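Beneath this line is the structure, given in structure tokens, with notes to follow.
The values are calculated or read from the model by the stated rules, or taken from the named source; none is laboratory data. This one's a predicted model, so the numbers in the text were calculated from it and none came from an experiment. FYI the Cβ positions are ideal-geometry reconstructions off the backbone, even for glycines, and counts take in every protein chain you see.
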Amino acid sequence: MTTAHPIPPRAAPNAGPGEPPAAGPPGHGGPHSPTDPAAPDGPTASEVRPLRALLGQARPYRLALSGSLLLALAASASGLVQPLVARSVLDSLADGVTVTGPLVLLGVLVVAGALLTGLQSWWQQRTSEQVVRSIRRDLVFRLIRLKVPELDRRPPGDLVARVTSDSALVQNAATQGLVMITNGLLTVLGAIALMGTVHLGLLGVTLGVLCGTGAVLGLILPRIREAVARAQRSVGAIGAALDRSLGAARTVKANGAETRETARAEAAVQEAYEAGLTGAKYVALVQVLSGVAIQAAFLAVLGVGGALVAAGDLDASQLIAFLLYVFYLASPIASLLGGLGMLQQGLGAIVRIEQVKKLPAEDDVDLPDRDPAPAPAGSRGARPVAPPVEFDAVQFAYPGRGPALRGVAFTVPGGTRTALVGLSGAGKTTMFALLQRFYEPDAGTIRIGGLDIAALPRAEVRRRIAYVEQESPVMAGTLRENLRYAATGASDEAIADVLRLTRLDSLIARLPEGLDTEVGNRGVTLSGGERQRLAIARALLREPEVLLLDEATAQLDASNEQALREAVDQAARRCTVVLIAHRLSTVTDAEQIIVLQDGLIRAAGSHDDLVATDALYRELAASQMLVPAVDDGPPGVRTGTGTGTAGDAEAEASSVVDADAGAEPAR
Ligand SMILES: Nc1ncnc2c1ncn2[C@@H]1O[C@H](COP(=O)(O)OP(=O)(O)OP(=O)(O)O)[C@@H](O)[C@H]1O
Ligand SMILES: [Mg+2]
């Protein structure tokens, strides 16, 4: 396999160049249609052409599969010839002629037959492993690039099951199943042709019986497919249920919810069992049917043929020859039906794989390693000036929700610090998400350095930004891996620098394994504050043009917070900083503070301006004891220069201060 792994050009329903014109899946009104979260599949089963998709998986391996088929045919041919050679050995013995020739031939045939069988089996397995590898690669590639709104509404456990479990079912169908069907079909056709040379009438009788059986099979096979599809959905549901419980293990335990969580998974387990049983029932029925078909054909031929012999229209030897052919049919028919059964299983599973492949993915996150980017992350050298960040009449609503941002406009001058404050749910984190193109605004423009980010590849936008998330910002792995996550080429000195800045150096010194200490799943072995400092260190190491901090110091003690503020201030000399904070004391010296309320900017300015002009801000400040509670007490620390560009700073003293907005940030 080559390393190039281009994303199939069918990314967004509204943007895929290779996509047939967006006739659009029925039931999907548009790119942002509110979809039932309980039905997390993208395209519905009826929009996927399973057989075509399955053959599509096998197509790149057609040569290997033909080879496998040839090996199978050669192995059975060598088996078929052996009795003939054995007979010639016996004949030679009887005639007193030398037997060495036929004996050697027989030996060669036996060994060759065994070798061919072994080779065929190995070749078959190898091909099928290759098929499943390619399916899994595709899925992994795609899942990691799914658009954020898609990931928001899909349980990861279900997606994982599609990579691990569904792919295995397709693997067998796309290789062994297809070979068995072709092998069986060719042999059956050959036998039918030979039977035709013996007696056409009897052939008609045989075909009549076989066609009757085929009709019944036509009814059963789709049921296998449905059962498999149902079982696989349940396997996905088991994954989703487990993912939910294990992902929040402490919450489950703290709330004594083990029984309820078990019951949730149990329901899916039971459903998978029942669907599996249904499938097994139909598979067994197919096997019975293949036996019955041969018996019925035998009896019918015997009856009709017997009558013909009695009437003198057929030789007894002809009848016997024909009956032998009927028996000979048993094995290829079993192979054909076995293959068809396998194919149905694969068809049941491929739908779930195709659904993932059709989900909109971000197709611009893999920039080719071009000539060294203007500002390679983690490297020294002349840095570009920190770019301004601009929101221009930005409106946005999450799919199926009311508006989260209702026309937000402001500018963060390059190389300055702007703080976003406001009650919980005002839309602060949403602005960061839009800045990184996790979602696209419904209207308006966001610019970084004067460039509309909608026109830039996502990779390019995100390369310029370092983002410290509001929650669980640490990945499983070592401390060093986490630090280097954003700047893979960061030098040891650069790492030591940021560790000192974020005061993580003393923690590292205490750890026996230092930077190579594993932080555990989502960083559970670190304290909340350590996790935050690690995330900040990672962001600083990236040497971004724009630094986004979402409640990044909420869990730090006062002295660490002071240190972090200094680190951010230092960084701010080299980049543009936007920070979200509930604790206003951390942002009083920002050049600009923007007060957000219900998706709108209600005021902007410096701390002192806002204390003087905005009732909500004053109330927030008073509740955190930054200003006296009465509204005529303005003094704050006079720092910074107001650069506010927007805001209706009407000073209604009516706002209710949310508990979340207090000094104690909610986690
Ligand atoms: N992924 C999402 N899907 C749907 N709605 C969302 C999503 N994320 C946030 N929201 C909603 O959008 C609104 C704004 O959320 P946002 O996270 O931007 O608030 P915030 O200002 O960061 O609040 P906080 O201070 O509590 O972090 C909220 O009403 C929230 O319920
Ligand atoms: Mg938030």
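Please indicate, with yes or no, whether at least one residue in the stretch 593-607 is assigned to a helix (DSSP H, G or I) and at pLDDT below 95.
Yes.
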Q) Which pairs have Cβ atoms under 6 Å, sit 6 or more apart or on different chains, and link a residue in the stretch 469-493 that is within 16 Å of ligand 1 (Cβ to nearest atom) to one that is of a type in the set (K, R) and not in a loop (DSSP other than H, G, I, E, B)? A) S472/R522
(Q) For the stretch 554-584, which positions are within 14 Å of ligand 2 (Cβ to nearest atom) and without any contact (Cβ under 8 Å) to a residue 60 or more places away in the chain? (A) none
Q) Restricting attention to the stretch 499-532, which residues are part of a loop (DSSP other than H, G, I, E, B) and farther than 14 Å from V568 by Cα? A) L504, L511, P512, E513, T517, V519, G520, V524, T525, L526, S527
Q: Tell me which of these R533 doesn't satisfy, since it passes every other one: (1) buried (at least 22 other Cβ atoms within 10 Å of the Cβ); (2) under 24 Å from S491 (Cβ atoms); (3) under 28 Å from the mean Cα position of the chain (by Cα).
A: (3)
Q. Looking only at the stretch 569-581, which residues are surrounded by fewer than 23 Cβ atoms within 10 Å (Cβ to Cβ) and touching a Gly at 6+ places or on another chain (Cβ under 8 Å)?
A. A572, R573, R574
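Quick check on the stretch 533-549. Is at least one of its residues outside any strand (DSSP E or B), within 16 Å of ligand 2 (Cβ to nearest atom) and touching a residue at least 40 places away in the same chain (Cβ under 8 Å)? Even if it seems obvious, please write down each step before you answer.
Residues of the stretch 533-549 outside any strand (DSSP E or B): 533-545.
Filter once more, keeping what is within 16 Å of ligand 2 (Cβ to nearest atom): 535.
Now drop any that are not touching a residue at least 40 places away in the same chain (Cβ under 8 Å), which leaves 535.
Yes - at least one qualifying residue is present in the stretch 533-549.
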Q | Hey, Q232 in a helix (DSSP H, G or I), at pLDDT below 95, assigned by TED's automatic domain parsing to the domain that holds R126 and closer than 30 Å to L70 by Cβ or not | A | no
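Inside the stretch 544-592, can you point out the residues that are acidic (D, E) and closer than 16 Å to F432 by Cα?
If we filter the stretch 544-592 for residues that are acidic (D, E), which is where we start, we get 545, 550-551, 557, 561, 566, 569, 589, 591.
Correct list: E545, D550, E551.
Are there any helices (runs of 4 or more DSSP H) wholly within the stretch 129-176 with 2 or more residues that are at negative phi and within 16 Å of ligand 2 (Cβ to nearest atom), and if so which? Give the derivation first.
Numbers: elements: 148-152, 156-161, 167-172.
It comes to 148-152.
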Q. Counting only residues that are over 34 Å from the mean Cα position of the chain (by Cα), within 23 Å of R464 (Cβ to Cβ) and among the hydrophobic types (A, V, I, L, M, F, W, C), how many does the stretch 495-521 have?
A. 1
Q.
Being under 11 Å from L600 (Cβ atoms) and among the charged types (D, E, K, R) is the filter here; which residues of the stretch 390-413 pass it?
A. R406
Q: Report whether or not Q436 is closer than 26 Å to R538 by Cα and touching a Lys or Arg at 6+ places or on another chain (Cβ under 8 Å).
A: yes
Q | Pick from the stretch 520-553, criterion among the charged types (D, E, K, R) and within 16 Å of ligand 1 (Cβ to nearest atom), ranking: modelled with the highest pLDDT | A | D550
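Could we say that L63 is closer than 21 Å to I353 by Cα, at pLDDT 80 or above and in the same structural domain as L343 (by TED's automatic domain parsing) here?
Numbers: closer than 21 Å to I353 by Cα: no; at pLDDT 80 or above: yes; in the same structural domain as L343 (by TED's automatic domain parsing): yes.
Considered against the rule, which asks whether it is closer than 21 Å to I353 by Cα, at pLDDT 80 or above and in the same structural domain as L343 (by TED's automatic domain parsing), L63 comes out as no.
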Q) Which of the residues belonging to the stretch 582-603 are within 16 Å of ligand 1 (Cβ to nearest atom), crowded, with 24+ Cβ neighbours inside 10 Å and small (G, A, S)? A) A603
Q) Quick one: what pairs do we get from the stretch 240-269, first residue in a helix (DSSP H, G or I), second β-branched (V, I, T), C-beta under 8 Å, 6+ apart or different chains? A) D243/V160; S245/V252; E258/V252; E261/V252; A265/I238; A268/V235; A268/I238; V269/I238
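Of everything in the stretch 414-435 that's away from ligand 1 (no atom under 13 Å from the Cβ) and crowded, with 20+ Cβ neighbours inside 10 Å, which residue is nearest to G605 (Cα to Cα)?
Initial filter on the stretch 414-435 (away from ligand 1 (no atom under 13 Å from the Cβ)): 414-418.
Restricting the remaining residues to those that are crowded, with 20+ Cβ neighbours inside 10 Å gives 416-418.
Values: T416: 13, R417: 12, T418: 9 Å.
Selected residue: T418.
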